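Worksheet: the structure to be examined is printed underneath.
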Amino acid sequence: MAERFRQFFIIALGEPILVTGLAFANGAFGAARSAATLLAFATTALLWRIYIHRAGALIAGAITAAPNRLRVGVLTVYAHVIMIAGIVTIAVGDELVITHPLGHPDPAWTAVILGGPALFLAGRAIFEYAVSGRVSRPRVIGALALVALTPAMRPVPLLAVATTAALILAGVAVADAVRTRRFPSEQPSPPG
């Protein structure tokens, strides 16, 4: 089951990669479009890093150790559905940013660009809870920051909005790395 979840996630990551490549190939080459494309690929790498960190590696042990495997399984399925919805939304946002990197943003576009990573972080928080019985603060803070910044980012060019989302995801990834150094031998501890 754990391996299937990882495979499902990896397949989903193909969506933003494919969309990014197609969006970049179907337009004129320029510095802003190139920066948007690199940012989209960096965001995809951050999603992979945040997913794999701890819970991604501990899921098999968590399912085995869970007193209520059905509960952990259901939480894990819901978490993956939410994360995949976030990834698909991120792919849509990547296409918008690559197509209109410096254009005047539509409020709905800004919501898509920031909402995708927020959905992903929310799903990842649920996934972490299913595996370890806790939710790390950086995921919650990151998701809330993305939502809170949405109205303030309305007048900002899409490339800057996407950069903000990527920086928040990078902050979550760095916080994960710091936690790993502090607690290197954390074991799965699914909720009872």
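Points worth noting:
- Residues being free of Cβ contacts under 8 Å to residues at least 12 places away in the same chain and closer than 17 Å to ALA165 by Cβ - total across segment 23-41: 1
- Screening PHE120, PHE127 for residues that are among the aromatic types (Phe, Trp, Tyr), out of contact with any Pro (no Cβ under 8 Å at 6 or more places or on another chain), open to solvent by less than 30 Å² (accessible area, probe 1.4 Å) and at pLDDT below 95 leaves exactly one candidate, PHE127.
- Residue that is most open to solvent (accessible area, probe 1.4 Å), among those in segment 52-106 that are under 30 Å from THR37 (Cβ atoms) and more than 20 Å from the chain's Cα centre (by Cα): HIS104
- Filter result for GLY86 (of a type outside the set (Ser, Thr, Tyr) and at positive phi): no
- Condition check for ARG124: touching a residue at least 40 places away in the same chain (Cβ under 8 Å), touching a Lys or Arg at 6+ places or on another chain (Cβ under 7 Å) and more than 27 Å from LEU22 (Cα to Cα): yes
- Residue satisfying all of: in segment 140-161; touching a residue at least 40 places away in the same chain (Cβ under 8 Å) and β-branched (Val, Ile, Thr); least open to solvent (accessible area, probe 1.4 Å) among these: VAL161
- Of all the criteria given as (1) basic (Lys, Arg); (2) closer than 21 Å to VAL81 by Cβ; (3) open to solvent by 50 Å² or more (accessible area, probe 1.4 Å), the one not satisfied by ARG137 is (2).
- Test for ALA91: is it under 26 Å from ALA125 (Cα atoms) and touching a Phe, Trp or Tyr at 6+ places or on another chain (Cβ under 7 Å): no
Yes/no per residue for (1) in contact with a Phe, Trp or Tyr (Cβ under 9 Å, 6 or more places away or on another chain); (2) under 26 Å from LEU159 (Cβ atoms):
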{"position": "ALA2", "(1), (2)": "no, no"}
{"position": "ALA12", "(1), (2)": "no, yes"}
{"position": "ALA36", "(1), (2)": "yes, yes"}
{"position": "PHE41", "(1), (2)": "no, yes"}
{"position": "LEU47", "(1), (2)": "yes, yes"}
{"position": "ILE63", "(1), (2)": "no, no"}
{"position": "LEU75", "(1), (2)": "yes, no"}
{"position": "ALA79", "(1), (2)": "yes, no"}
{"position": "GLY86", "(1), (2)": "yes, yes"}
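- PRO107 being in contact (Cβ under 8 Å) with a residue 60 or more places away in the chain, on the phi < 0 side of the Ramachandran plot and not aliphatic (A, V, I, L, M): no
The values are calculated or read from the model by the stated rules, or taken from the named source; none is laboratory data. The model shown is predicted, which means the values in this text are computed figures rather than measured ones. Cβ coordinates were reconstructed from backbone atoms using ideal geometry, including for glycine residues, and neighbour counts include every protein chain displayed. What goes into the accessible areas is simple: the full protein's heavy atoms, side chains included, and nothing from ligands, DNA or RNA. Shrake-Rupley method; radii C 1.70, N 1.55, O 1.52, S 1.80 Å.
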